[in-house]
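Asker: One structure, pasted below without further comment.
What follows draws every value from the coordinates through simple rules; no lab data is involved. Because the structure is a prediction, the values reported are computed rather than measured. Positions of Cβ are generated from backbone atoms using ideal geometry, with glycine treated the same way; all protein chains shown enter the neighbour counts.
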Amino acid sequence: MRLIHLLALILLTFAAPAAAAPLTDLSVAESLYRQGNYEPAANIYQSILRQGLAGGELYYNLGNCYYKMGQYGLAILNYERAERYLGNDPDLVKNQKLAELKAPDKIQPLPRWFVIQILDGIRRTISLGGWARWFILFEWSLAACLVILILLPGLAIRPWLTRLFWGCAVLFIVSGSFFFASHYTQSRNQAGIILASSVEIHSAPDKNSTELFTLHEGAKIRVLRRLPGWAEILLTDGKQGWTRQEAFEII
């Protein structure tokens, strides 16, 4: 037992500083941001993210640093990453819109069915992790109701429990649908942000091919496929072409 206690003490000794370090760095970064030292604050946030401690607040704070430094492409990129954790957080949405106003390209998306717009708006109000938690909650609630209904057929509140069962079933399907839709959107529809000040979009993955149009820092794209050094992209207004891969970064 003494050996076990000794090993536990050694582990705690080394683990505690490692766990406290990011919290200390975060406090320093927030202090630097309040003082207007945005670049060193951004460097610390980046360092924390490189340690694998990604989170909505970190990306949001990093986006704020880049916005203050006038690097609007990087600001939009990190706000988009924060949205995957925070959903439609009011402060995040406000800062996203402010950053997008600074982007030179005003891309008007193609019209979509009204119902699809409503469903997509509902999906975006909660993050992927949030939909996952609701999905699991209603799954367990559904299972609990089913077990009680089977094991206790003479229960006085059976009619109410039956209604609760069907309510959980509906919410289980709805939350599951939004969860899988969000997962598909994030995993299959690779989106990116143009970080180059300007980049020519070509008709083929060849610098000598026809130049179709120009994109600027902050433009949001969807990556369709990749070739060495090149990526075929699609804009929300339906325009399509090829650009160099170093011109953008995946969200």
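Asker: Using amide H atoms built 1.01 Å from N in the peptide plane, name the residues 5+ places from L212, or on other chains, whose amide H lies under 5 Å from its own.
Answerer: I201, H202, S203
Asker: May I pose another question? What number comes out for the charge environment of I118, summing +1 per Lys or Arg and -1 per Asp or Glu over other residues with Cβ under 13 Å away?
Answerer: +2
Asker: Where in the chain lies the longest segment free of trypsin sites (Lys or Arg not before Pro) that are both loop residues by DSSP (not H, G, I, E, B) and have at most 13 other Cβ atoms within 10 Å? Before the final figure, lay out each step's value.
Answerer: Numbers: sites that count: K106, R112, K207.
Here the longest segment lacking exposed loop sites spans 1-105.
Asker: Here's something else I'd like to know. Grab the DSSP H runs of the chain that are 4 residues or longer, score each as -39,500 (n - 2.57), total them, divide by all residues and round the 222 nm result to the nearest 500 deg cm²/dmol. Walk me through the intermediate numbers first.
Answerer: Numbers: 8 runs with 153 residues, N = 251.
Helix contribution divided over all residues of the chain: -21000 deg cm²/dmol.
Asker: Can you tell me the FRET efficiency between L234 and Q46 if r is taken as the Cβ-Cβ distance and R0 is 25 Å, rounded to the nearest 0.05?
Answerer: Efficiency computed from Cβ-Cβ geometry: 0.30.
Asker: Could you tell me how many degrees, from 0 to 90 and to the nearest 10, lie between the Cα long axis of helix 114-124 and the main elongation axis, the longest principal axis, of the Cα atoms of the chain?
Answerer: Once rounded, one gets 80 degrees.
Asker: Which entries in K68/K239; K94/K220; K106/K207; K94/K239 show an alpha-carbon gap greater than 20 Å?
Answerer: K68/K239; K106/K207; K94/K239
Asker: Please list, by residue number, every one of the chymotrypsin sites (Phe, Trp or Tyr not before Pro) in region 97-173 that is coil in DSSP and has at most 10 other beta-carbon atoms within 10 Å.
Answerer: Working: sites: W113, F114, W131, W134, F135, F138, W140, W160, F165, W166, F172; in loops: W113.
The qualifying sites are W113.
Asker: Relative to the first principal axis of the alpha-carbon coordinates of the chain, what is the inclination of helix 90-102, with its axis defined by its Cα atoms, in degrees from 0 to 90 and to the nearest 10?
Answerer: So the helix axis and the longest Cα principal axis differ by about 10 degrees.
Asker: To the nearest 10 degrees, how steeply does helix 56-68 sit against the main Cα axis of the chain, on a 0 to 90 scale?
Answerer: 20
Asker: Here is a follow-up. Treat every Asp and Glu Cβ in region 114-188 as -1 and every Lys and Arg Cβ as +1, leave all other atoms uncharged, and give the resulting dipole magnitude about the Cα centre to the nearest 20 debye.
Answerer: With only Lys, Arg, Asp and Glu charged at Cβ, the dipole is about 60 debye.
Asker: Over the chain, what relative contact order in percent results from Cα pairs under 8 Å that are six or more residues apart?
Answerer: 16
Asker: Turning to a different aspect of this structure: Between rounded, prolate and oblate, where does the chain land on the alpha carbon gyration tensor, with a ≥ b ≥ c its root eigenvalues, rounded for a/c under 1.5, else prolate if a/b exceeds b/c?
Answerer: It comes out oblate by the Cα gyration axes.
Asker: Evaluate E = 1/(1 + (r/R0)^6) for I157 and K106, where r is the Cβ-Cβ distance and R0 equals 51 Å; express this FRET efficiency to the nearest 0.05.
Answerer: That pair, I157 with K106, gives E of 0.35.
Asker: Would you mind telling me which residue in G56, G229, G218 has the biggest mean-square fluctuation in a Gaussian network model of the chain, where springs connect alpha carbons within a distance under 10 angstrom?
Answerer: Comparing G56, G229, G218 in a Gaussian network model of the chain, the most mobile one is G229.
Asker: If I take every Cα pair under 8 Å that is 6 or more residues apart in region 89-207, average their sequence separation and divide by the length, what percent do I get for the relative contact order?
Answerer: Rounded, it is 29 percent for region 89-207.
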